[in-house]
Amino acid sequence: MKTQVCIIGGGPSGLLLSQLLHLRGIDTVLLEKHSREYVLGRIRAGVLEHGFAELMREAQCGARMDAEGEIHDAFEVSDNGVIKRVDLKKYSGGSSVVVYGQTEVTRDLYDARDKLGGTVIHNVEDVALHDLNAPVPPHVTYRDGDEIIRIDCDFVVGADGFHGPSRKAIPKDVLREYEKVYPFGWLGILSRTRPVHPELIYARHERGFALCSMRSQVLSRYYLQVPLTDTVADWSDAAFWDELRKRLPAGIAAKLETGPSIEKSIAPLRSFVAEPMRWGNLFLAGDAAHIVPPTGARGLNTAASDIYYLYHGMVDHYLSGDDTGLEHYSEKALARVWKTQRFSWQLTSILHTFPDASPYDQKLQSADLEYLLGSDAGLTTVAENYVGLPF
Ligand code: RFL
Ligand code: PHB
């Protein structure tokens with residue numbers, strides 16, 4: 001097989017890039033390890049920033065998002081039961097976010113790839129990357145049963161998430177990895193219940209952090225901070241609802257509608273950046289290159305800015321013979337990546353309880369939160385980061 005850009009990974013990053021390139025006449029082959037049903041079964045992000053939504057529209061995938069997604073102009077922070085509203089629109093100079101699930105984003109992208117006849121190959125095994133930084137063009141191989149299939153291409157894009165093979169194809173003496181692991185995870189549930197509040201609530205509480213989010217007016221998503229040693233089996237639905245009520249302001253807790261969970265999972269929290277994001281003809285994008293704890297809702301949105309830079313770099317390369325965008329891809333993407341790392345780390349540090357925090361640390365944490373939410377300057381920094389820094 002031969003293509004211009006071979007994309008590894010059929011998550012939102014890989015699908016969005018293949019769709020955008022296809023619309024500009026650039027050929028791609030996309031390889032995904034799992035079935036489409038498996039990819040669509042993963043419940044992840046729920047908040048899209050303006051720049052991501054714009055990119056979905058440019059990819060001709062914005063119609064359902066615009067019809068069904070909810071615009072949120074603000075969110076709430078509860079500090080041990082006392083609520084404060086962060087007015088995103090006011091403090092970011094008019095921006096807001098769209099509440100629309102990653103599952104729906106991915107479904108819309110798959111439908112769009114089908115419509116255009118894009119090549120998306122599922123259930124590929126043993127994907128390997130070759131000649132990424134060699135005098136000959138690169139190629140990718142995968143196994144289909146007993147057969148090894150080879151794809152020759154100009155560029156390889158590694159959009160294969162944190163555990164994929166692309167980042168690992170960069171030699172150890174070139175790749176630098178920066179990592180911070182947090183001593184807790186998020187236990188999330190999805191339930192067919194009405195959201196407890198019209199806006200998201202981020203709750204700091206001495207028992208641990210909690211988040212009230214949603215997918216629609218009839219589908220709620222809630223999270224609890226839990227120790228890394230906890231498993232899903234440790235948490236019955238009843239135990240989850242009881243604990244959530246304890247971490248919310250009494251007035252909100254009283255309104256909580258409960259029901260059976262239709263999904264329940266635990267995600268460990270991690271901050272991670274790999275540099276550089278380009279090596280020869282390999283480009284990394286999204287979770288393959290960086291991870292943030294979900295507290296600031298930045299993960300998918302940061303993937304989108306990588307795709308924006310890569311898309312424009314590739315279009316300039318193929319349509320105008322200009323390689324400036326591709327040459328500066330890594331440094332441009334990383335400059336924004338580190339700012340979202342900083343914001344996600346800051347919100348995570350301020351809103352969670354840390355097992356080894358001293359009473360002094362806890363007082364500082366309260367002061368940090370009060371300072372951030374207590375002045376126009378603080379609210380402006382929270383709002384402009386949450387709605388997304390410019391690409
Ligand atoms: P993905 O979604 O992990 O997709 C990578 C794909 O690559 C495939 N793959 C392979 N394919 C071929 N060969 C191989 N050897 C392969 N190995 C892996 C995988 O099967 C997969 O399909 O990465 P991508 O596309 O970069 O997208 C990143 C986002 O998924 C991620 O950043 C967000 O979900 C993070 N995130 C959030 N981001 C937001 O912007 N807003 C949010 O509100 C938000 N909430 C969240 C989140 C992540 C969470 N978890 C579970 C970590 C909430 C949670 C709980
Ligand atoms: C979600 O709805 O899954 C969600 C929302 C906001 C976050 C993280 C996750 O910060």
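Given a 1.4 Å probe, how much area per residue of the stretch 237-372 is accessible, in Å²?
So the stretch 237-372 comes to 41 Å² accessible per residue, rounded to a whole number.
Quick check: pseudo-label points 7 Å beyond the Cα along Cα→Cβ at Thr231 and Ser216, how many nm apart are they?
Each label point lies 7 Å from its Cα, and together they span 3.4 nm.
Report the Stokes-Einstein translational diffusion coefficient (µm² s⁻¹, integer) for the chain, Rh taken as the Kirkwood radius over Cα pairs, at 10 °C with viscosity 1.306 mPa s.
Estimated diffusion coefficient is 73 µm²/s.
May I ask you to compute the full-extension gain from Glu331 to Glu125, defined as 0.36 nm times their residue separation minus their alpha-carbon distance, rounded to one decimal in nm?
So the chain would gain 71.0 nm between Glu331 and Glu125.
Can you check what the net charge comes to around Thr381, using other residues whose Cβ is under 13 Å from the Cβ of Thr381 (Lys, Arg +1; Asp, Glu -1)?
-1
As a check on your grasp of the helix formula, calculate [θ] at 222 nm for the chain: sum -39500 (n - 2.57) over DSSP H runs of n ≥ 4, divide by the residue count, round to the nearest 500.
Rounded to the nearest 500, it is -11000 deg cm²/dmol.
Below 14 angstrom from the Cβ of Glu257, what's the summed charge of the other residues (Lys, Arg +1; Asp, Glu -1)?
+4
What ratio of Cα Rg to 2.2 N^0.38 Å holds for the stretch 211-302?
1.41
Find out how many positive minus negative residues lie around Ala74, taking Lys and Arg as positive, Asp and Glu as negative, among other residues whose Cβ is under 13 Å from that of Ala74.
Within the 13 Å Cβ shell, the charges total -1.
Compute the Cα gyration tensor for the stretch 30-161, then decide on rounded, prolate or oblate, letting a ≥ b ≥ c be the square roots of its eigenvalues: rounded whenever a/c is under 1.5, prolate when a/b is larger than b/c in the other cases, and oblate in all that remain.
Prolate.
Might you list the cysteines of the chain that have no disulfide-compatible partner by the rule of another cysteine's Cβ under 4.7 Å?
Cys with no partner Cβ under 4.7 Å: Cys61, Cys212.
How compact and how long is the stretch 164-222, expressed as Rg and Dmax of its alpha-carbon atoms in Å?
That works out to 18.3, 51 Å for Rg and Dmax.
Relative contact order for the stretch 141-246 using alpha-carbon pairs under 8 Å, separation at least 6, rounded to a whole percent?
20 percent
Once you put a point 7 Å from the Cα of Ala253 and another 7 Å from the Cα of Ser366, both along the Cβ direction, what distance in nm separates them?
1.8 nm
Give the longest segment of the chain that steers clear of GluC sites (Glu not before Pro) in DSSP loops with at most 16 neighbouring Cβ atoms within 10 Å, not counting the sites themselves.
Here the longest segment lacking exposed loop sites spans 1-205.
Classify the stretch 266-314 as rounded, prolate or oblate, taking a ≥ b ≥ c as the square roots of the eigenvalues of its Cα gyration tensor: rounded when a/c is under 1.5, otherwise prolate if a/b is larger than b/c and oblate if not.
oblate
The values are calculated or read from the model by the stated rules, or taken from the named source; none is laboratory data. No experiment lies behind these values; they were computed from the predicted model shown. Positions of Cβ are generated from backbone atoms using ideal geometry, with glycine treated the same way; all protein chains shown enter the neighbour counts. Remember, those area values only see protein heavy atoms, side chains included, never the ligands or the DNA or RNA. Shrake-Rupley method; radii C 1.70, N 1.55, O 1.52, S 1.80 Å.
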